[in-house]
1. Take Val6 and tell me if it is touching a helix residue (DSSP H, G or I) at 6+ places or on another chain (Cβ under 6 Å), at pLDDT 90 or above and not polar (S, T, N, Q).
2. Identify the single condition in (1) under 13 Å from the mean Cα position of the chain (by Cα); (2) closer than 24 Å to Val65 by Cβ that Ser45 does not satisfy, given that it satisfies every other one.
3. Give Tyr58, Tyr66 a once-over and let me know the one that is aromatic (Phe, Trp, Tyr) and either in contact (Cβ under 8 Å) with a residue 24 or more places away in the chain or more than 21 Å from Gly7 (Cβ to Cβ) (or both).
4. Let me spell it out: the conditions are (1) in a loop (DSSP other than H, G, I, E, B); (2) more than 18 Å from the chain's Cα centre (by Cα); (3) surrounded by 10 or more Cβ atoms within 10 Å (Cβ to Cβ); (4) of a type outside the set (S, T, N, Q), and Glu26 meets all of them except one. Which number is the exception?
5. In this structure, does Glu61 turn out to be of a type outside the set (Phe, Trp, Tyr), at pLDDT 95 or above and on the phi < 0 side of the Ramachandran plot?
6. Only one residue in Arg46, Arg12, Arg59 is among the charged types (D, E, K, R) and in contact with an Asp or Glu (Cβ under 7 Å, 6 or more places away or on another chain), so which one is that?
7. Just checking, does the stretch 37-60 include any residue being of a type in the set (Asp, Glu) and surrounded by 12 or more Cβ atoms within 10 Å (Cβ to Cβ)?
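The values are calculated or read from the model by the stated rules, or taken from the named source; none is laboratory data. What you see is a predicted model, and the numbers here were worked out from it, not measured in a lab. Methodologically, a virtual Cβ is constructed for each residue, glycine included, from the backbone with ideal geometry; neighbour enumeration extends over all protein chains shown.
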Amino acid sequence: MTKYHVGCGLARIYAGTFKKPGEWKEKSDVTDEAIAAVAQYLLSSRRGFKFNCDGVRYRLEVTEVYPNIEM
């Protein structure tokens with residue numbers, strides 16, 4: 001059975017299969033779809049996601065943007 005992987009490249013998110021660990025056989029850029037799917041999941045489940053990166057703790061969450069407020 002083929003195993004699909006998702007990974008972060010230099011500036012995009014890819015999904016596909018490996019020839020061997022760390023070497024892509026086939027890959028597709030799924031950055032926009034992956035971000036949208038994660039945002040929809042966090043919003044529908046009313047959750048955030050905590051993770052560590054380079055020794056710093058973060059929380060990823062979705063917040064409503066009001067049309068009259070510029071960020």
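1. no
2. If we test Ser45 against (1) under 13 Å from the mean Cα position of the chain (by Cα); (2) closer than 24 Å to Val65 by Cβ, just (1) comes out false.
3. Answer to the check: Tyr66.
4. Here Glu26 meets the rest and fails (1).
5. Details: of a type outside the set (Phe, Trp, Tyr): yes; at pLDDT 95 or above: no; on the phi < 0 side of the Ramachandran plot: yes.
Here the answer is no, as Glu61 does not meet what is asked.
6. Values: Arg46 fails: in contact with an Asp or Glu (Cβ under 7 Å, 6 or more places away or on another chain); Arg59 fails: in contact with an Asp or Glu (Cβ under 7 Å, 6 or more places away or on another chain).
Exactly one of Arg46, Arg12, Arg59 is among the charged types (D, E, K, R) and in contact with an Asp or Glu (Cβ under 7 Å, 6 or more places away or on another chain), namely Arg12.
7. Within the stretch 37-60, not a single residue is of a type in the set (Asp, Glu) and surrounded by 12 or more Cβ atoms within 10 Å (Cβ to Cβ).
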